[in-house]
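Q: This is the structure I have questions about; it appears just below.
The values are calculated or read from the model by the stated rules, or taken from the named source; none is laboratory data. Keep in mind it's a predicted model, so treat the numbers as computed, not measured. Methodologically, a virtual Cβ is constructed for each residue, glycine included, from the backbone with ideal geometry; neighbour enumeration extends over all protein chains shown.
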Amino acid sequence: MGAFFSIVRATALEISCDAFAMLLTLAALALSTFAGALHYHQFGDPTRMAREAGLSAILAGGLVFAIIASVRTVRREIESHTIDMALAHSISRSAFICAKFAGVALAYVVFFLTVCANSITAVRGAAIGAQEAYGGLARVWGPSLALGVATIVMPVVLAAAANRFFRIRFVRCATLLMLAFALASLAYRVDWRLAVLQGAPALALVPSAVFFMAFACVLAGRLRANAATGISFAAAAFSLPVLGAHYLADAAAPQAGGAPWGFIALTYAAASPLVVAVLVVNGRLNTKDGAD
Amino acid sequence: MAVVELQGVSKTFRDFWLRPTVKALDGLDLSIESGEIFGLLGPNGSGKSTTIKLILGLLSPDAGKVALFSRPPGSAAARKRLGYLPELSYLHSFMTARETLLYYAGLCGLDRATARERTRQLLEMTRLSDVADRQVGGFSKGMARRVALASSLIGKPELLVLDEPTSGLDPVSTDEVKTLVKELAKSGMTILMTSHLLADAQDVCTRFMILNNGRSVAQGAVADLDGSLQDCFLAAVAERRAFSVASFLKA
Amino acid sequence: MRAFFEIFRLEMRRLWRRRTAQLLALAALAWIFCVPWLANGDGTLDGVRHVQLLLSLGGAFTICCVSLAASGALSFAAEREEFRLALARVRPAPRFALAAGRMAALSAAGAGVLALCACFVVAKYGAGRPCSRVIDPVMEPVAAEADRMYAHYLSLLPKLDDPATPEELRGVLASLTNTPKAVLSRMFMQRARDRFESIGPGATARWTFPAQDAGEGLAVRIRFSSDFNMRDEVRGVFAFGDLSGSVSNITKSILKVPLARGAKAAGAVAPAQAVQTLEFANSSPNTLMLRPRKDLKLLAAADSFAWNMVRAWLQLSAMLATVCAFAVFLGSCLGRTVAVFTCGVMLFTGAASSDIIESYPDQLEENRVDRISLAVTRAVEFVCRPVFSLHPVAALADDECVAPAETLQAVAIDAFAIPALLALLSALAMAYAHESAK
């Protein structure tokens with residue numbers, strides 16, 4: 001078990017130092033912040049637009065994060081032959097893939113919390129017009145936009161300063177500061193109803209990312225990076241319209257009776273066996289190949 | 001005529017904030033005459049590869065002057081007369097050995113017939129004819145090294161720069177490379193090679209320089225390689241001693 | 001030139017032997033095969049065809065753009081980071097050729113995949129299907145109309161303090177007083193483009209068009225709106241010289257009315273005249289509205305769908321060449337992760353910028369954040385115009401001709417001039433790239 005957790009920890013740390021993860025988080029933050037703050041359309045429901053922008057950033061960003069982080073971390077181990085060193089330490093190939101999957105999932109938690117917290121702040125800024133449908137929320141446009149922009153800009157500036165003066169690793173520092181700023185922004189005139197209204201549907205988007213994480217990890221263990229990424233993205237692209245229409249439409253609609261907990265439970269119940277199946281099939285194939 | 005000329009060359013690598021991280025070369029003077037086999041010796045991190053990259057025009061010096069065939073090192077005229085074997089082979093894994101040689105022949109501007117003929121000769125010389133149409137991604141380290149060596153010779157260079165030419169080769173192949181280097185020098189080619197093995201320099205080079213911490217600590221003809229120069233090299237290597245076995249065993 | 005072809009072959013081999021090209025072709029064709037299950041349009045035959053054509057070719061182009069841009073940026077950055085590029089750089093090959101060869105190979109691979117898709121689409125929708133040349137009405141230039149509106153606005157300004165001025169007008173004038181002239185000009189230009197014309201019940205409207213040979217194959221494409229409904233009942237008769245066509249429709253918002261030789265001759269024209277009048281007599285019970293600059297076109301039968309597909313393919317390939325060149329340029333100066341990410345963000349913002357500008361009315365530039373972000377969006381849109389202002393797939397889907405002049409321009413600029421410029425910039429960047437890689 002020690003070797004398993006070492007790989008999980010090393011994978012999570014490796015992804016937290018990866019510029020790709022930081023850039024993707026920044027892009028998702030920018031999408032959820034500005035789609036909520038700027039009124040590009042003159043009609044419609046700005047609150048819903050901000051909510052959907054935040055949920056889209058979590059869904060699409062999460063899928064991209066899951067696939068690219070999984071493929072990169074597994075392929076890097078295989079191509080640099082560090083996997084041989086790990087397998088020499090009495091861990092099986094399928095357990096190694098599972099550990100990699102768990103490490104990516106851990107890193108995904110940071111991404112998810114950062115973007116989700118930021119989207120709650122952004123919705124706060126856009127909550128105008130249809131307040132009744134959202135439980136009489138008051139709009140806090142200026143401070144919300146300022147907090148959103150600060151969550152994007154300040155971590156980069158502070159991490160750069162930390163790197164310049166204390167030689168702290170820029171990417172990891174920026175990633176963690178983004179999470180800290182996003183969570184701290186929630187503290188401004190806390191509105192827990194909004195946290196539940198936006199946070200609960202966001203939770204429903206996690207299983208899809210986790211499934212593609214497992215799928216990409218398993219593919220990367222068997223195929224080249226190009227093929228694993230291509231197939232995973234193709235699968236995600238074909239399922240995205242279904243996921244988007246289903247999750248976003250159902251989850252982002254105003255809920256009179258609070259969060260759609262039943263719907264969220266259903267998504268977890270549907271995804272869990274799929275994730276387990278992918279990992280188990282991979283383990284079986286490895287045993288048949290004699291790779292263990 | 002000096003084929004390679006370095007005068008007071010310094011190079012410092014800097015980080016993103018332009019703070020100096022490593023002073024790789026410090027006021028280096030070097031001159032290599034035509035037809036010489038010049039050895040650049042020194043322990044790891046002494047500045048050998050940086051010197052080579054400056055000569056190749058891949059890096060620019062912070063101070064001093066670098067000239068190759070009396071021209072700036074990056075110029076097309078200078079590059080036309082140059083062959084280079086890097087420390088690692090850096091081959092395109094999806095290409096075959098033959099395609100790799102034809103590719104570099106094309107970059108050297110050889111016409112197709114000449115390129116094909118020279119490719120055949122080099123494949124024979126490096127004993128790769130049987131595997132010439134296999135992708136190099138599946139080659140052993142030694143075979144990949146031979147492909148890289150052949151590709152450095154494809155343009156019939158006047159100056160051949162060999163960065164650790166025997167690294168990754170078995171003793172027989174090492175010996176063959178040394179013989180090849182001597183034969184090439186006899187045909188009039190100037191050769192600059194780096195190594196951290198004194199024996200390589202003794203076997204092949206006509207003149208050499210010992211580098212340590214980016215400075216030249218000794219230089220001379222191989223005939224001068226007496227006890228004092230050997231001591232100089234060993235002292236430079238000992239300074240970089242990386243392992244402390246005794247303290248580890250004690251712990 | 002030899003070095004250029006060697007790099008071209010190297011990159012082609014990489015795309016083929018790493019299975020990138022095959023996967024790309026497979027993905028693009030799979031998408032085209034799947035489109036009929038995904039989109040049905042408005043249910044009419046033409047609607048289905050329109051949507052499916054738009055989605056299939058547009059989707060295939062997007063897949064090619066994204067994949068080849070990512071592949072180009074990644075491979076070039078990886079070559080640099082893994083020192084293989086240095087091996088090419090010490091040979092007497094010009095650095096320009098190292099970048100240009102790669103750009104050309106990526107573009108050629110993309111063009112090949114697009115050609116496959118185009119052949120499939122032509123086979124499916126019919127090569128001989130006629131496409132039409134689109135003729136705009138002869139009207140005062142938009143800028144001149146906007147200038148007149150601005151002059152009128154200036155003449156109204158003194159009335160702002162006049163108590164006799166209606167409250168509504170005063171409100172409008174007051175809201176515009178602090179608006180900069182550039183914003184007002186843009187706003188008036190937009191108004192001029194969107195200016196509606198009303199046609200009351202029983203009324204006849206007239207517009208002029210460049211004179212056409214009174215042969216067969218002329219049609220009018222028109223979109224009417226009533227006050228509150230985009231799909232109200234439309235009835236009436238068009239007349240153009242000795243051609244006429246009647247319309248009676250309540251199902252579609254965009255109508256295509258074929259003109260045929262009929263008894264009614266209106267607006268007949270002497271052969272020497274350069275313009276000809278199109279008349280519409282409204283016989284529906286509603287007042288109809290339309291924006292002549294946007295909603296009214298004359299369609300003249302021109303060459304076949306297959307020929308237009310060739311021109312559309314050329315335009316798409318040229319656009320792809322610019323995208324690939326940009327990706328390679330980014331790969332030559334940035335690390336692979338940052339290069340791929342920057343390329344993705346630029347593609348996304350470039351594609352979205354024109355939509356954002358169009359959907360954002362100038363009156364809403366209320367605060368500084370809006371103004372700054374729109375200025376940035378306009379700048380992005382301006383830079384990306386060579387690629388994203390071309391809409392060959394939309395033209396094909398509408399059965400319109402892809403203009404030959406536009407195609408030539410796209411090939412010259414997008415396929416040659418911009419990639420050449422970016423290859424030069426890449427060559428410059430390469431000179432410093434190894435230094436910074438240390």
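Q: Pairs please, first residue from the stretch B:12-34 and closer than 20 Å to B:LEU192 by Cβ and within 14 Å of chain C (Cβ to nearest Cβ), second anywhere and among the small types (Gly, Ala, Ser) and surrounded by 15 or more Cβ atoms within 10 Å (Cβ to Cβ), Cβ atoms under 7 Å, 6+ apart in sequence or on different chains.
A: Short answer, once both residue conditions are applied: B:ALA24/B:GLY47; B:ALA24/B:GLY214; B:LEU25/B:SER10; B:LEU25/B:GLY47; B:LEU25/B:GLY214.
Q: Identify all residues within the stretch B:67-88 that are small (Gly, Ala, Ser) and either in contact (Cβ under 8 Å) with a residue 60 or more places away in the chain or assigned to a loop (DSSP other than H, G, I, E, B) (or both); write none if there are none. Quick ask: steps written out before the conclusion?
A: Just the residues of the stretch B:67-88 that are small (Gly, Ala, Ser), to begin with: B:67, B:70, B:74-78, B:83.
Of everything in the stretch B:67-88, those that are small (Gly, Ala, Ser) and either in contact (Cβ under 8 Å) with a residue 60 or more places away in the chain or assigned to a loop (DSSP other than H, G, I, E, B) (or both) turn out to be B:ALA67, B:SER70, B:GLY74, B:SER75, B:GLY83.
Q: Sort out which residues of the stretch B:100-152 are assigned to a loop (DSSP other than H, G, I, E, B), modelled with pLDDT under 90 and basic (Lys, Arg), and write them in order of number.
A: The answer is B:ARG127, and nothing else.
Q: Additional query: Among what's in the stretch A:14-25 and is over 20 Å from A:GLU52 (Cβ atoms), within 11 Å of another protein chain (Cβ to nearest Cβ) and not small (Gly, Ala, Ser), pick the residue that is surrounded by the most Cβ atoms within 10 Å (Cβ to Cβ). Give the steps one after another, and end with the answer.
A: Let us first name the residues in the stretch A:14-25 that are over 20 Å from A:GLU52 (Cβ atoms), namely A:14-23.
If we keep only those that are within 11 Å of another protein chain (Cβ to nearest Cβ) as well, we get A:18-23.
Now narrow it down to the ones that are not small (Gly, Ala, Ser): A:18, A:20, A:22-23.
Working: A:ASP18: 21, A:PHE20: 20, A:MET22: 25, A:LEU23: 19.
Per the stated criteria, the residue is A:MET22.
Q: Suppose the filter is assigned by TED's automatic domain parsing to the domain that holds C:GLN315 and either within 30 Å of C:ALA302 (Cβ to Cβ) or modelled with pLDDT of 85 or more (or both); does C:ARG148 pass it? Explain how you work it out, then say what you get.
A: Numbers: assigned by TED's automatic domain parsing to the domain that holds C:GLN315: no; either within 30 Å of C:ALA302 (Cβ to Cβ) or modelled with pLDDT of 85 or more (or both): yes.
So C:ARG148 does not fit the description; no.
Okay, residues lined up against (1) among the aliphatic types (A, V, I, L, M); (2) in contact with a helix residue (DSSP H, G or I) (Cβ under 8 Å, 6 or more places away or on another chain); (3) modelled with pLDDT of 80 or more:
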| residue | (1), (2), (3) |
| --- | --- |
| C:ALA321 | yes, yes, yes |
| C:ALA325 | yes, yes, yes |
| C:LEU334 | yes, yes, yes |
| C:LEU347 | yes, yes, yes |
| C:TYR360 | no, yes, no |
| C:GLU366 | no, no, no |
| C:SER373 | no, yes, no |
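Q: Tally the residues that are closer than 25 Å to A:LEU194 by Cα, at pLDDT below 65 and part of a helix (DSSP H, G or I), restricting the search to the stretch A:238-292.
A: 9
Q: Being in contact with a Leu (Cβ under 8 Å, 6 or more places away or on another chain) and outside any loop (DSSP other than H, G, I, E, B) is the filter here; which residues of the stretch B:46-66 pass it?
A: Pass one, the stretch B:46-66, residues in contact with a Leu (Cβ under 8 Å, 6 or more places away or on another chain): B:46-48, B:50-57, B:60-61, B:64-66.
Result: B:LYS48, B:THR50, B:THR51, B:ILE52, B:LYS53, B:LEU54, B:ILE55, B:LEU56, B:GLY64, B:LYS65, B:VAL66.
Q: Looking at the stretch B:20-43, is at least one residue in a loop (DSSP other than H, G, I, E, B), among the hydrophobic types (A, V, I, L, M, F, W, C), surrounded by 15 or more Cβ atoms within 10 Å (Cβ to Cβ) and more than 14 Å from the chain's Cα centre (by Cα)? Outline the logic, then answer.
A: Initial filter on the stretch B:20-43 (in a loop (DSSP other than H, G, I, E, B)): B:34-36, B:42-43.
So of that shortlist, the ones also among the hydrophobic types (A, V, I, L, M, F, W, C) come out as none.
No, that holds for no residue.
Q: Only one of these is at pLDDT 85 or above, within 31 Å of the chain's Cα centre (by Cα), closer than 24 Å to C:VAL122 by Cβ and in a strand (DSSP E or B): C:ALA300, C:ALA306. Name it.
A: Details: C:ALA306 fails: in a strand (DSSP E or B).
The unique qualifying residue is C:ALA300.
Q: Could I ask something else about it? Quick test for you: out of C:ALA164, C:ALA115, pick the one residue that is in the same structural domain as C:ALA397 (by TED's automatic domain parsing) and either surrounded by fewer than 21 Cβ atoms within 10 Å (Cβ to Cβ) or modelled with pLDDT of 85 or more (or both).
A: Details: C:ALA164 fails: in the same structural domain as C:ALA397 (by TED's automatic domain parsing).
Of C:ALA164, C:ALA115, the one residue that is in the same structural domain as C:ALA397 (by TED's automatic domain parsing) and either surrounded by fewer than 21 Cβ atoms within 10 Å (Cβ to Cβ) or modelled with pLDDT of 85 or more (or both) is C:ALA115.
Q: Here is a further query. For the stretch B:78-97, give me each residue that is closer than 11 Å to B:SER151 by Cβ, more than 9 Å from chain C (Cβ to nearest Cβ) and of a type outside the set (A, V, I, L, M).
A: Filtering the stretch B:78-97 down to residues closer than 11 Å to B:SER151 by Cβ leaves B:83-86, B:89-92, B:95, B:97.
If we keep only those that are more than 9 Å from chain C (Cβ to nearest Cβ) as well, we get B:85, B:89, B:97.
Hit for the stretch B:78-97 is B:SER89, nothing else.
Q: Something else now. Between a residue in the stretch C:72-92 that is assigned by TED's automatic domain parsing to the domain that holds C:PHE341 and closer than 12 Å to C:ARG102 by Cβ and any residue that is part of a helix (DSSP H, G or I) and acidic (Asp, Glu), which pairs come within a Cβ distance under 6 Å, given they are 6 or more apart or on different chains?
A: From the stretch C:72-92, the pairs are C:LEU85/C:GLU79.
Q: For the condition within 23 Å of C:GLU11 (Cα to Cα) and surrounded by fewer than 16 Cβ atoms within 10 Å (Cβ to Cβ), what is the one hit in B:ARG112, B:ARG127, B:ARG98? Reasoning before the result, please.
A: Working: B:ARG127 fails: within 23 Å of C:GLU11 (Cα to Cα); B:ARG98 fails: surrounded by fewer than 16 Cβ atoms within 10 Å (Cβ to Cβ).
Matching residue, one of B:ARG112, B:ARG127, B:ARG98: B:ARG112.
Q: Separate question: For the stretch C:18-59, which residues satisfy the criterion of being within 16 Å of C:LYS124 (Cα to Cα), within 13 Å of chain A (Cβ to nearest Cβ) and either crowded, with 18+ Cβ neighbours inside 10 Å or acidic (Asp, Glu) (or both)?
A: The answer is C:ALA28, C:TRP31, C:VAL35, C:LEU55.
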